[in-house]
Amino acid sequence: MKKDYDAFIIGTGVAGSALAYKLKKAGMRVAIADKERFGGTCAFHGCIPKKILSSVAGIIDAGHRMEGKGAECSGQINWPDLINFKEEIIHSLTDPKEKAFINSGIDTYHGTVRFHDQNTLAIGEQLISAEHILITVGATSRTIDITGVEHLTTSDEFLDLEELPDKIIFAGGGYISFEFAHIAARAGAEVTIIHRSENLLKTFDRDLVKMLVDASQKAGINIVTNQELQRIEKKDQGLEVTTFDINGQEDRTHKCDMIVHGLGRVPAIQDLEPEKGDVDIEHGAIAVNEYLQSISNPAVYAAGDCIIPGPALTPTASLQANIVASNILKGNEQTADYTKIASAVFTIPTLASVGMMEKDASDEHQVIFTDMSKYYSARKMNVKYSASKVIIEKDTRKIVGAHLIGPDAENIINLYTLAINTGLTAEQVREALYAYPSGSYDVKYMLK
C-alpha cells in the first residue's frame, strides 16, 4: 500500500528543518511536525536565546572593566527589556518557518506525534503513514529524583523569566549552569553554582577550566563542589536547598529565591511511544547504527540530541541531518566523524575547544601552551584571562587539537576547526597573512 509520505519528520529544529528541505529537493513527498512552535530547541531554549543574553551581559561586563580607562559606564541590565528583545529576535527567526515549509511544498502538522506501528504515526486521532520516519525531537531537562523537585526551574523556564530573582543557585557544573550564572551575575543577582564533584565542564581542557573558574569567582559567582543535591524545600523567605557534602560527609543548607536545573539534558522521546513502532531505546535515547538508522526498525532514522552518538551541539545536528539525508537517498554509506566539531561555553571570558584533548595526547604530540593575558588583544579591553593550548602531531606537524579562553575565542576556534578538518600544518596556519590587529592574528603567537 502506498504511504501518505515518503518521509515524515518529527521535530522542526536544525536537523529536522535541514532534512525536510534536502528530501523535498530530491523529489520526495515530505511532511514535518512539532508539538510546540516551529523552530526547535536551539531557537527557543538553546544557543540562540542564551547568546542574546550573554552578549548583553558581555557589554555590561566590558563597560565595568573599562571604567577609569576612557569609558564611563555605569550601565546595568534591564531584565524585562532584555527578555523582550530576545523574544523579538526569536520570533523574527521562527515565525516565518512554517510558511517557508509550506511554500516549499512540505506539509506541516501540529501536535504530539506518537507511533501507531512501524510505518504509521498518530497525531491526535489522525493516522499518517510514511516510508521513512525521521526523529529529530531534541532534548529536555533530565528528571531528578529528589524531594522537592517541583521547585526546580528548568533551563527553558529560565530563558523566559520576566523578572530575575535576587539569589539564584544553579545546580550542576556544566555549560548551562556556567553560561546562565555569568548572565545572572552581570544582571545583579547573587549567584552560586553547586556541583556533585570537582570535575567542572568535564569536556573542556582542565587548565583552561581552572582559569574560567577563577574568572567566575572574581565576577562574584560562588562555586561549590562535591555537593550532592538532596532536597529542595519552600520556606517563607524562599527556597532552602539541602546538599550532602561528599568530603565532610554531612548535610549542608543553602538559601535562594530560585534553583535552576543544570543537571543535564536527555532525549525528549517520552511522548513518542517508540515501542509501538518497534523502535529500540538504549540509555534513554533512540538506538541507532553507524548510519543513524534505528537498529530495530529500518524505516526509522534519527538525528540531533535524541540520539547518543556525538556531542549535543547544533553543528552535530547539522552534520547528522546531512548524513541521514544521504543515506536515505543513496543507501547506507555515510557515517559521522565527531572528533572535529568545535564547541564553546559562552561565559565571560569564552571557553572554546576542538579536537584532541591534552589528556589524550601521547609522546607523538607536541602541546603548546601560551599565556596571552599580556597580549594586546586582551589588554585593549582589560581582559585578565586569555590563553591557548594547541596540540600538534610531531611527525606531520598537523594540528589535531586546540583549546582557547579569552576574547573572541568562539571565533578563533573556527580557524583551528578548519585547520583540523583540512589537515593543515602548524606552519601553514601560522604563516597565513591575517589582518592586524585582530584576534585571528594571535594564532601566529599561539603556534610559536
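Condition test on Ser104, is it out of contact with any Leu (no Cβ under 9 Å at 6 or more places or on another chain), in contact (Cβ under 8 Å) with a residue 40 or more places away in the chain and over 25 Å from Gly277 (Cβ atoms)?
Judged against the criteria, Ser104 is a match.
List pairs: first residue in segment 291-320 and closer than 12 Å to Ala336 by Cα and modelled with pLDDT under 95, second residue in a strand (DSSP E or B) and of a type in the set (Val, Ile, Thr) anywhere in the structure, Cβ distance under 9 angstrom, at least six positions apart or on different chains.
Pro309/Val288
Return a yes/no flag: does segment 285-300 have any residue that is loosely packed, with under 15 Cβ neighbours inside 10 Å, in contact with a strand residue (DSSP E or B) (Cβ under 9 Å, 6 or more places away or on another chain) and part of a helix (DSSP H, G or I).
Within segment 285-300 (the criterion being loosely packed, with under 15 Cβ neighbours inside 10 Å, in contact with a strand residue (DSSP E or B) (Cβ under 9 Å, 6 or more places away or on another chain) and part of a helix (DSSP H, G or I)), the answer is no, since none of the residues qualifies.
For segment 127-168, enumerate the residues that are closer than 28 Å to Val324 by Cα, polar (S, T, N, Q), assigned to a strand (DSSP E or B) and at pLDDT 95 or above.
Answer for segment 127-168, where residues must be closer than 28 Å to Val324 by Cα, polar (S, T, N, Q), assigned to a strand (DSSP E or B) and at pLDDT 95 or above: just Ser129.
Step by step: first the residues of segment 76-94, then only those that are free of Cβ contacts under 8 Å to residues at least 12 places away in the same chain and not in a loop (DSSP other than H, G, I, E, B), then the one that is surrounded by the most Cβ atoms within 10 Å (Cβ to Cβ). Which residue is that? Working first, answer last.
As a first pass, look at segment 76-94 and keep what is free of Cβ contacts under 8 Å to residues at least 12 places away in the same chain: 78, 81, 84, 87-88, 91-92.
Among the residues that remain, those that are also not in a loop (DSSP other than H, G, I, E, B) are: 81, 84, 87-88, 91-92.
On the way: Asp81: 10, Asn84: 11, Glu87: 15, Glu88: 11, His91: 13, Ser92: 9.
The selected residue is Glu87.
Does Ile194 meet the test of being within 20 Å of the chain's Cα centre (by Cα) and over 30 Å from Thr350 (Cα atoms)? Working first, answer last.
On the way: within 20 Å of the chain's Cα centre (by Cα): yes; over 30 Å from Thr350 (Cα atoms): no.
Spelling it out, it is not the case that Ile194 is within 20 Å of the chain's Cα centre (by Cα) and over 30 Å from Thr350 (Cα atoms).
What are the residues in segment 40-66 that are of a type in the set (D, E, K, R) and either within 30 Å of Thr316 (Cβ to Cβ) or at pLDDT below 90 (or both), if any?
Filtering segment 40-66 down to residues of a type in the set (D, E, K, R) leaves 50-51, 61, 65.
Hits for segment 40-66 are Lys50, Lys51, Asp61.
What residue, of Glu333, Glu364, is more than 30 Å from Glu131 (Cβ to Cβ) and surrounded by fewer than 21 Cβ atoms within 10 Å (Cβ to Cβ)?
Glu364
Does Ala268 qualify as being out of contact with any Cys (no Cβ under 7 Å at 6 or more places or on another chain) and of a type in the set (Gly, Ala, Ser)? Outline the logic, then answer.
Values: out of contact with any Cys (no Cβ under 7 Å at 6 or more places or on another chain): no; of a type in the set (Gly, Ala, Ser): yes.
For Ala268, the condition - out of contact with any Cys (no Cβ under 7 Å at 6 or more places or on another chain) and of a type in the set (Gly, Ala, Ser) - is not met.
Can you pull out the residues in segment 395-448 that are hydrophobic (A, V, I, L, M, F, W, C) and under 20 Å from Leu212 (Cβ atoms)?
Ala402, Leu404, Ile405, Ala409, Ile412, Ile413, Met446
Within segment 155-175, work out how many residues are within 24 Å of Asp245 (Cα to Cα) and surrounded by fewer than 23 Cβ atoms within 10 Å (Cβ to Cβ).
4
Considering every residue within segment 97-119, establish whether at least one is at pLDDT 95 or above, touching a His at 6+ places or on another chain (Cβ under 6 Å) and either buried (at least 18 other Cβ atoms within 10 Å of the Cβ) or not in a strand (DSSP E or B) (or both).
No, that holds for no residue.
Tell me the helices (runs of 4 or more DSSP H) entirely within segment 354-448 that contain at least 1 residues that are within 25 Å of His64 (Cα to Cα).
The qualifying helices (runs of 4 or more DSSP H) are 376-379, 409-422.
The values are calculated or read from the model by the stated rules, or taken from the named source; none is laboratory data. Remember, predicted model here, so these are calculated numbers, not experimental data. Quick reminder, even Gly has a Cβ in these numbers, built from the backbone with ideal geometry, and neighbours come from all protein chains shown.
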